[in-house]
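The values are calculated or read from the model by the stated rules, or taken from the named source; none is laboratory data. In this text, all values refer to a predicted model and were calculated from it rather than measured experimentally. Every residue, glycine as well, gets a Cβ built from its backbone with ideal geometry; the counts of neighbours run over all protein chains shown. Note: areas computed on protein heavy atoms with side chains; ligands, DNA, RNA excluded. Shrake-Rupley method; radii C 1.70, N 1.55, O 1.52, S 1.80 Å.
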Amino acid sequence: WHVYIINGLSNKNLFTHCNSKDDDLGLQNISPGSNTTWGFRTDFTHSTLFWCQLSIDNNNNASSSSSIKVFWNDDRLFNKCNWKNCIWTAKDDGIYLRDLRVNTEELKYWWGD
């Protein structure tokens, strides 16, 4: 499996901090148009869960942020990820998951969720 977090914001950096129960992927500062990605194998019990705290850099003003699940054991998620790549894009209005089966993006989280 691979998870991608893409900065699709308008001229703002995206800060991410992603974790699982066993792994802390650290703080990432992603410039517009760039992404961070990681690969992993699910555990034997299929309980692998990754979540991320995403924050928009608003030049030291109050930032918009959301804490989201980016990978969990769910056949609907697996189908959208084409059983391989979960692609999340942070945009100005919220955070989208790409449905690779039909090549569309679905708004999954609003900022502040």
## Note on the structure
Going through region 1-16 in order, the residues found to be surrounded by fewer than 16 Cβ atoms within 10 Å (Cβ to Cβ) and not hydroxyl-bearing (Ser, Thr, Tyr) are HIS2, ASN11
### Query
Of all residues in region 80-95, which are within 20 Å of LEU49 (Cβ to Cβ) and open to solvent by 10 Å² or more (accessible area, probe 1.4 Å)?
LYS80, ASN82, TRP83, LYS84, ASN85, ILE87
### Message
Among the residues in region 54-69, are any assigned to a strand (DSSP E or B) and either of a type in the set (Phe, Trp, Tyr) or at positive phi (or both)?
### Response
no
### Query
Of TRP51, TRP72, TRP111, TRP88, which residue is modelled with pLDDT under 95 and hydrophobic (A, V, I, L, M, F, W, C)?
TRP111
### Message
If I ask for residues that are within 12 Å of the chain's Cα centre (by Cα) and over 17 Å from SER64 (Cα atoms), which ones from region 1-48 would you list?
### Response
HIS2, VAL3, TYR4, ASN19, ASN35, THR36, THR37, TRP38
### Message
With the requirement that a residue be loosely packed, with under 14 Cβ neighbours inside 10 Å and modelled with pLDDT of 95 or more, what does region 54-69 give you?
### Response
SER67, LYS69
### Task
Pairs only if they're at least six apart or on different chains, beta carbon under 9 angstrom, first in region 21-34 and open to solvent by less than 90 Å² (accessible area, probe 1.4 Å), second of a type in the set (Gly, Ala, Ser) and outside any strand (DSSP E or B); list them, first residue then second.
PRO32/GLY8; PRO32/SER10; GLY33/GLY8
#### Entry: In region 29-46, the residues that are assigned to a strand (DSSP E or B), of a type outside the set (A, V, I, L, M) and under 18 Å from CYS86 (Cα atoms)
ASN35, THR36, THR37, TRP38, GLY39
### Test: residue in region 97-108 that is among the basic types (Lys, Arg) and touching a helix residue (DSSP H, G or I) at 6+ places or on another chain (Cβ under 9 Å)
yes
